[in-house]
Amino acid sequence: MTIPPPQIPAWRSALAALPAGGLAVLQPARGPRGARRLARALLEEAAVLGGGQVLALPGGDLLLTATPGPGQRAAQAITELTGLPPESFPLPAAEQPLAARAEAAALAPPAPPWNLAALEAHVARLRLAEAARLTLFAAGAGGAPVAQRLGPAPLGLDDPGLEAMAREGLCRRLLAALTNPAERGQLPPLRPGLRLILDVPLAGLSGGALRAGPPGDPDGPLALLPLAALANPGAFARATGALRAAGWAIGLLANDAAAPAALDLPDITWVIPAAEAPPPLLPPRLIALGRPVPGWCRAPGILHEGLA
């Protein structure tokens, strides 16, 4: 009889896969749900930028493995935005404290998790008025709205994978409602004359639905993809190519304000948080999210949130 080798915990495999000099960032499961959701989004983006991954540990803690730059920026941003600083460990010193944390979490009673079937059922039965969020934007120093964003309301799930699945399902529901006169009235009413910013699934728009107009207009309606779409370059190229052919400009949603400086992506509108200090690089087309609106967001050419 062959005895199988002991299973290596996922967090140990993640540490082993990271190049020498990498960083492990541990975000404990504490604080308000909104703060935990923001921290998770920042960690996920650092994983994309830093060649690592985010793991959900027993007990709800989150572990990021990444190269030092993106990992340190994520930890700093989480501290500044939530007031709940994560713990950072350079490799190889991370293994011992993580082993102790994993052992303690294994002894704690597990929280009942969402399962995929329950999440799909929840997304399917959620009222469209609760599933959608409409936000208005002004340009530069002006106060009148010039653009509107229609996107899915976040569910605030503790599992980043399930939250991403929920976003995909809600985006598909919003798109179906926009093309169905019987359901369109259940969405927040769009304002005529304002530029549309529309959150779309990772695969873009299927079948050429929702044609926006003539292609090639960088200021036309904006299809907004999450930064995680870059994880599959081939699929990203196909999705953005089809969107541009249907008359959509392309936007990327990033919770790390340094993402535009780290990625050379022409013809992209970046959507980033309206942090107190401006990012290291201001791309040609920029949309800032959040309130209050700092002064740098009111420069010409920048759209900013803050309108009711």
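The values are calculated or read from the model by the stated rules, or taken from the named source; none is laboratory data. In this text the structure is predicted, and so the values were computed from the model without any measurement. Note that we place each Cβ from the backbone using ideal geometry, even for glycine, and neighbour counts take in every protein chain shown. Protein only, heavy atoms only, side chains kept; ligands, DNA and RNA dropped before computing areas. Shrake-Rupley method; radii C 1.70, N 1.55, O 1.52, S 1.80 Å.
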Towards the positive end of the charge dipole of the chain, with charges on Cβ (+1 Lys, Arg; -1 Asp, Glu), say which of T82, A235, P28 has the farthest Cα. A235
Below 8 Å, C-alpha to C-alpha, sequence gap of six or more: please give me the relative contact order for the chain in percent. 15
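Under unit Cβ charges (Lys, Arg +1; Asp, Glu -1), what dipole magnitude, rounded to 20 debye, does the chain have relative to its Cα centre?
That gives a dipole near 760 debye.
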Would you look at the GNM of the chain, springs on alpha carbons closer than 10 Å, and say which of E183, E44, E163 moves the most? E183
Dipole moment magnitude, nearest 20 debye, segment 205-304 about Cα centre, only Lys, Arg, Asp, Glu C-beta charged: 220
Gain upon complete extension [R291, A153; 0.36 nm per residue less C-alpha separation]: 48.0 nm
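Specify whether the C-alpha gyration tensor of segment 127-198 places it in the rounded, prolate or oblate class, a ≥ b ≥ c being the square roots of the eigenvalues: rounded for a/c under 1.5, otherwise prolate if a/b is larger than b/c and oblate if not.
Details: a/c = 2.76, a/b = 1.40, b/c = 1.98.
Cα axes put segment 127-198 in the oblate bin.
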For the chain, give the percent of accessible area contributed by carbon and sulfur heavy atoms, probe 1.4 Å, rounded to a whole number. 60
Which of (1) 16.2; (2) 18.7; (3) 20.1 is the computed mean projected area of the Cα convex hull in nm² for the structure on display? (2)
Got a sec? Charge dipole of the chain, +1 on Cβ for Lys and Arg, -1 for Asp and Glu; which of A277, S13, A203 is way out at the positive end? A203
Please report the antiparallel percentage of the DSSP beta bridges confined to the chain, to the nearest 5. 50
In segment 121-165, with Lys and Arg counted as +1 and Asp and Glu as -1 at Cβ, which of these residues, A147, A164, A131, has the Cα nearest the positive end of the dipole, that is, farthest along it? A147
Would you mind telling me which residue in P278, P86, P97 has the biggest mean-square fluctuation in a Gaussian network model of the chain, where springs connect alpha carbons within a distance under 10 angstrom? P97
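Given axes a ≥ b ≥ c from the Cα gyration tensor, I'd like to know whether segment 157-308 is rounded (a/c under 1.5), prolate (a/b larger than b/c) or oblate.
rounded
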Keeping all protein chains in place, calculate the accessible area per residue for the chain (probe 1.4 angstrom), answer in Å². 50
